[in-house]
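**Student:** Sharing a structure with you now.
The values are calculated or read from the model by the stated rules, or taken from the named source; none is laboratory data. All values derive from a computational prediction rather than experimental measurement. Cβ placement follows ideal geometry from the backbone for every residue including glycine, while neighbour counts extend to all protein chains displayed.
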Amino acid sequence: MRRLAVALLIGSLALPCSALTLGELADIFEAMESSIADVSIEYEWYNQEPSTAEDTRATGLLSPASREECSFTTAKPFLERQLYSRKVDFSTPDGRVFTSDVRYAYNGDVFKQVTIGAPNEHSPEGLITNRKDMLRKWNLTPMAFTVFRFYREGLLSQGLREHPKSFRVVDEIGQVRDFRTVELDCVTDTGAVHTRVFLSVDHGYAPVRFEYVSLWQKAVTVEVDVLALEEVADGLWFPVKGTTGWDAENARNVYEAKAVKINQNLSRDDFDLEFPPGSVVSDQRRTSLRKVMVLAILPIVAIAGIAIHRRVRFRSRAQGTAPKAHTR
């Protein structure tokens, strides 16, 4: 019923109409936002202009020798639950190639990560911590191509409702590659455009392009393009291919999905990670606990030491002042 309601709402509003209002857009965005409770994507992530062996030798750094094979799973609240994995071949300056396999899980409280494969063939290295800053940056995940791109700053529907003066709809149907689009501009208090979002009118107003404009240079400096969409539910389209990067062509990252699954009813328990046998695991939570315990115990030990020292001195003085026994 929920999917049907979403499809009816998007279908009723997502008509090729140039007179779309901010309120109608907010309704459409809210329908898209509420229709995804969790999502899992299997995808490739690679540079549009792959580096060469000569690049590796010239820089002395590791260079990707294959596309990154990735998976990304998130569930609401999105920034609190994530599963991520990345497997890629690296080449070393001396021509050797090895496979790096990194996996992590975050359930909103505990972050676990394991790294398998290194130039020196170390045992798998695991990490457990409560840190949240080790999650993959939102703009380097498939979510960067969706309506959730602005999630850290708040949902688009929320922004449209709470700050309507910060947005402006261009009153005409445009064209972005093969998509007929409506343009939504994000503007400053003075009306200057700093971000443009292009929405496909034939795909439920799913975003197909983001442009970030430098107010100083008055030019687009960062571009995010959706090249292909897939209908993952009735009236709900998800990006399955896109590029993102600076205006320089060779700096673009390419995202290409193999499979997308939504609303699998994932729970907090699904966001966990098992370490392979033989892993060397560093549990920073326990380290921190030991430090706290040591800091807490030290004053107690010091006080106990002072008490014992005073008791010994008192006994020594008592024995020194007592009458001595007569000896023959």
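**Student:** Since G242 meets every condition but one in (1) under 18 Å from L22 (Cβ atoms); (2) at pLDDT 95 or above, which condition does it not meet?
**Tutor:** Evaluating G242 over (1) under 18 Å from L22 (Cβ atoms); (2) at pLDDT 95 or above leaves (1) as the failure.
**Student:** Looking at F271, F210, can you tell me which residue is more than 30 Å from V110 (Cα to Cα) and in the same structural domain as Q113 (by TED's automatic domain parsing)?
**Tutor:** Answer to the selection: F210.
**Student:** Test each condition in (1) at pLDDT below 95; (2) of a type outside the set (F, W, Y); (3) under 22 Å from A37 (Cβ atoms) for G278 and report the one that comes out false.
**Tutor:** (3)
**Student:** Specify which of the listed residues (G204, G126) is among the small types (G, A, S), part of a loop (DSSP other than H, G, I, E, B) and closer than 30 Å to A259 by Cβ.
**Tutor:** G204
**Student:** Among the candidates S71, S85, single out the residue that is under 27 Å from S282 (Cα atoms), hydroxyl-bearing (S, T, Y), surrounded by fewer than 18 Cβ atoms within 10 Å (Cβ to Cβ) and touching a strand residue (DSSP E or B) at 6+ places or on another chain (Cβ under 9 Å).
**Tutor:** Only one candidate passes the filter, namely S71.
Results for (1) within 30 Å of P277 (Cα to Cα); (2) in contact with a strand residue (DSSP E or B) (Cβ under 6 Å, 6 or more places away or on another chain), shown as yes or no for each residue.
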{"site": "R96", "(1), (2)": "yes, no"}
{"site": "I116", "(1), (2)": "yes, yes"}
{"site": "H122", "(1), (2)": "yes, no"}
{"site": "Q158", "(1), (2)": "no, no"}
{"site": "H163", "(1), (2)": "no, no"}
{"site": "D178", "(1), (2)": "no, no"}
{"site": "L184", "(1), (2)": "no, yes"}
{"site": "V197", "(1), (2)": "no, yes"}
{"site": "P207", "(1), (2)": "no, yes"}
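**Student:** When only residues in region 244-282 that are in contact with a helix residue (DSSP H, G or I) (Cβ under 9 Å, 6 or more places away or on another chain) and assigned to a strand (DSSP E or B) count, which is farthest from S40 (Cα to Cα)?
**Tutor:** Only one residue tops the list, namely G245.
**Student:** So in region 88-108, with the set limited to residues that are of a type in the set (S, T, N, Q) and in contact (Cβ under 8 Å) with a residue 24 or more places away in the chain, which one is surrounded by the fewest Cβ atoms within 10 Å (Cβ to Cβ)?
**Tutor:** T92
**Student:** Say whether the condition of being farther than 30 Å from Q175 by Cα, at pLDDT 95 or above and under 25 Å from the mean Cα position of the chain (by Cα) is met by at least one residue in region 18-37.
**Tutor:** Checking region 18-37: at least one residue is farther than 30 Å from Q175 by Cα, at pLDDT 95 or above and under 25 Å from the mean Cα position of the chain (by Cα).
**Student:** Does any residue in region 153-176 that is under 16 Å from I28 (Cα atoms) and not assigned by TED's automatic domain parsing to the domain that holds A19 come within less than 9 Å, Cβ to Cβ, of a residue that is polar (S, T, N, Q) and buried (at least 16 other Cβ atoms within 10 Å of the Cβ) six or more places away or on a different chain, and which pairs are these?
**Tutor:** Close Cβ pairs (under 9 Å, with a partner that is polar (S, T, N, Q) and buried (at least 16 other Cβ atoms within 10 Å of the Cβ)) do not exist here.
**Student:** Please go through region 179-219 and give me each residue that is free of Cβ contacts under 8 Å to residues at least 60 places away in the same chain and on the phi > 0 side of the Ramachandran plot, ordered by number.
**Tutor:** Listed by number, the residues that qualify are G191, K218.
Table: residues versus (1) outside the structural domain of P239 (by TED's automatic domain parsing); (2) of a type in the set (A, V, I, L, M, F, W, C); (3) modelled with pLDDT of 95 or more.
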| residue | (1), (2), (3) |
| --- | --- |
| V182 | no, yes, yes |
| S200 | no, no, yes |
| A206 | no, yes, yes |
| S214 | no, no, no |
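**Student:** Another question about this same structure. Please verify whether region 195-213 includes one or more residues that are of a type in the set (V, I, T), closer than 19 Å to T21 by Cβ and surrounded by 18 or more Cβ atoms within 10 Å (Cβ to Cβ).
**Tutor:** Yes, the conditions are met somewhere in region 195-213.
**Student:** Out of curiosity, is G191 surrounded by fewer than 18 Cβ atoms within 10 Å (Cβ to Cβ) and in contact with an Asp or Glu (Cβ under 7 Å, 6 or more places away or on another chain)?
**Tutor:** For G191, the condition - surrounded by fewer than 18 Cβ atoms within 10 Å (Cβ to Cβ) and in contact with an Asp or Glu (Cβ under 7 Å, 6 or more places away or on another chain) - is not met.
**Student:** Tell me which residues, restricted to region 148-187, are more than 15 Å from the chain's Cα centre (by Cα), crowded, with 18+ Cβ neighbours inside 10 Å and within 15 Å of W237 (Cβ to Cβ).
**Tutor:** If the condition is that a residue be more than 15 Å from the chain's Cα centre (by Cα), crowded, with 18+ Cβ neighbours inside 10 Å and within 15 Å of W237 (Cβ to Cβ), then F179, T181, V182 are the ones that fit.
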